[in-house]
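Student: This is the structure I have questions about; it appears just below.
The values are calculated or read from the model by the stated rules, or taken from the named source; none is laboratory data. Predicted, not measured: the structure shown is a model, and the values here were computed from it. Cβ coordinates were reconstructed from backbone atoms using ideal geometry, including for glycine residues, and neighbour counts include every protein chain displayed. Surface areas here come from the heavy atoms of the whole protein model, side chains and all, with no ligands, DNA or RNA. Shrake-Rupley method; radii C 1.70, N 1.55, O 1.52, S 1.80 Å.
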Amino acid sequence: MKTGLSLSGGGVRASVFHLGVLARLAETEFWSSFEHISTVSGGSLCVALIFEKAGKRWPTADDYLNKCLPEISRFLTSYDLQRAYLLRAWPQVLEGRAQIIGKLIKDRWGITSCISEIPETNPRWTINATCYETGKNWRFHKRRMGDYIANYVVDPKFPLSDAVAASAAVPGLIGPLKIKTAEFAWKKYAGWDQSSAPDIDVNPIAKSLTLWDGGVYDNLGVEAIYKTKKGLRYDLDFALVCDASKPLDFVYRKWLKNIVLPRQPMRLVNIPMDQVRSLRARELFGFFRNNNNGGYLRMGESVEQICKNLNAEIPKARYMTPTEIKTVSEFATTLRKLKPTEFRSVFQHGYEVCSAVLYGINRSPFIEYNQNSYSWMPS
């Protein structure tokens, strides 16, 4: 079986949720079947830490559980990336501030690789951003970076830390990552076949390009593994989509407050983003259910909800209550460090959601989360 995995955006909240999902997957056959991983924002932060802490490779299941997770948990609960960013960014104008996040990720988290250094061996990893100038999904992976309008850079010597920063460059919180196009050689494809490298030299379409959060275009990051009305990539048999997006809250519009702190533009960005995510989610859930070839893992859903949605018997086990899950799913989309209690709760929720989905689609028994298995958990 060849499996595709997409990890959504959602800041550090999403990173920890995905870590919990991956912990459950590390206990199954799926871990060795990953063919393609596609990430956005918090998902990109998560996988970058895994690759770097595993020695610039995708780890074995045992290495992930016993070596990577303890070190990653320490980073996410002891170093406040957002605070450090705000202290450095406040004197600067909006343009190019994501480079500050990239530098912090490199210096403080030790993510020093280039995109071209990501191993050729499976899984293939795609980092998703959004190009402002073209309005398209900009992808970073080992073989190339770019989109079909801006064209491509082959074998990009581009810092992994900057690619992750671009993927997480949330509008309103972080400014875009600016690429000076003259620093790279640009190529395009002669035709529609993209199975090999682009082979025609072209001039850059602009002096610079600005990249924003991949969630603006597709917060699930599924386009690299699934095409609307077409299905899974030709080389995949199965897919798991992990959605740690924050639900769109009810907002009461207070005139005086909005004059002082105008929030309407971001609200009007979040509404269509949530709608696009919802439409993709409904299509994916229906596709997986009809074809029995995937699972949709949604933050905020309880074990009981998941089992009912999948027409599965509710397991007799201990799991988080709806009140605990509501608290977890309402964590803001930020890059701040999590308190140890927050980390433990979000991680457990990811583990339980994954266990319930695998159980509901008859791919694995429901395994109850056992905190004693994670003695390294921050306290």
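Student: Going by Cα centres, the range 194-235 and the range 56-82 are how many Å apart?
Tutor: Their Cα centres are 28 Å away from one another.
Student: Between the alpha-carbon centers of the range 349-379 and the range 262-338, tell me the distance in whole angstrom.
Tutor: If we compute the Cα centre of each part, the gap is 16 Å.
Student: Got the relative contact order for the range 171-252 handy, in percent, Cα pairs under 8 Å and 6 or more residues apart? Provide the component values of the computation, followed by the final result.
Tutor: Working: 68 pairs, mean separation 20.2, N = 82.
Worked out over the range 171-252, it gives 25 percent.
Student: Choose one answer from Lys230, Lys326, Lys180: the residue with the largest mean-square fluctuation in a GNM of the chain with alpha-carbon springs under 10 Å.
Tutor: Highest fluctuation among the options: Lys230.
Student: Please list Glu29, Glu35 from largest to smallest accessible area, probe radius 1.4 Å, with all protein chains kept in place.
Tutor: Numbers: Glu29 115, Glu35 35 Å².
Highest to lowest solvent-accessible surface, that is Glu29, Glu35.
Student: I need the peptides 328-334, 150-156, 56-62 ranked by packing, meaning the mean over residues of other C-beta atoms within 10 angstrom, with the highest value on top.
Tutor: On the way: 328-334: 18.1, 150-156: 19.9, 56-62: 15.4.
Ranked by mean Cβ neighbours within 10 Å, highest first: 150-156, 328-334, 56-62.
Student: How much length is gained if the chain between Ala182 and Phe250 is pulled fully straight, taking 0.36 nm per residue apart and subtracting their Cα-Cα distance, in nm to one decimal?
Tutor: Working: separation 68, 0.36 × 68 = 24.48 nm, distance 4.49 nm.
That pair, Ala182 and Phe250, stretches by 20.0 nm at full extension.
Student: Okay, next question. Taking H as built 1.01 Å from N, whose amide H comes closer than 5 Å to the amide H of Phe34, not counting residues under 5 places away?
Tutor: Thr3
Student: Tell me what the chain gives for mean residue ellipticity at 222 nm when only DSSP H runs of n ≥ 4 count, each as -39,500 (n - 2.57), the sum divided by the residue total, rounded to 500 deg cm²/dmol. Please report the intermediate quantities before stating the final value.
Tutor: On the way: 12 runs with 140 residues, N = 379.
My calculation for the chain gives -11500 deg cm²/dmol from helical runs alone.
Student: Given a 1.4 Å probe, how much area per residue of the chain is accessible, in Å²? Spell out each step's value before the answer.
Tutor: On the way: 17430 Å² over 379 residues.
Value returned for the chain: 46 Å² of accessible area per residue.
Student: How much length, in nm to one decimal, is gained on full extension between Ile149 and Glu29, taken as 0.36 nm per residue of separation minus their Cα-Cα distance?
Tutor: Numbers: separation 120, 0.36 × 120 = 43.20 nm, distance 3.85 nm.
My answer for the length gained is 39.3 nm.
Student: Please give the peptides 207-214, 123-130 ranked by average Cβ packing (other Cβ atoms within 10 Å per residue), highest first, as a rough proxy for protection.
Tutor: On the way: 207-214: 21.8, 123-130: 25.9.
Answer by packing, highest mean first, reads 123-130, 207-214.
Student: Hey, which of these cross-link pairs are over 31 Å Cα-Cα: Lys229/Lys316; Lys67/Lys339; Lys106/Lys230; Lys103/Lys207; Lys157/Lys227; Lys227/Lys308?
Tutor: Values: Lys229/Lys316 38 Å; Lys67/Lys339 21 Å; Lys106/Lys230 38 Å; Lys103/Lys207 23 Å; Lys157/Lys227 29 Å; Lys227/Lys308 27 Å.
Result: Lys229/Lys316; Lys106/Lys230 exceed 31 Å.
Student: Here is a follow-up. Between Ser375 and Ala197, what length comes free when the chain is fully extended (0.36 nm per residue of separation minus the Cα-Cα distance, one decimal in nm)?
Tutor: Working: separation 178, 0.36 × 178 = 64.08 nm, distance 4.57 nm.
In short, 59.5 nm is gained.
Student: Kindly work out what percent of the DSSP beta bridges joining two residues of the chain are antiparallel, to the nearest 5.
Tutor: Details: 25 of 45 bridges.
Restricted to the chain, the bridges split so that about 55 percent are antiparallel.
Student: What residues qualify as long-range amide H neighbours of Arg298, i.e. H under 5 Å apart, gap of 5 or more or another chain, H built at 1.01 Å from N?
Tutor: It is Asp243, by chain and number.
Student: Further question: Run the accessible area of the range 3-374 with a 1.4 Å probe and give the carbon-and-sulfur part as a rounded percent. Walk me through the numbers on the way to the answer.
Tutor: On the way: 8950 of 16900 Å².
Reported share for carbon and sulfur atoms: 53 percent.
Student: Would you please put 283-289, 302-308 in order of how densely packed they are, using the mean number of other Cβ atoms within 10 angstrom per residue and starting with the highest?
Tutor: Working: 283-289: 17.0, 302-308: 18.6.
The densest-packed peptide leads the list: 302-308, 283-289.
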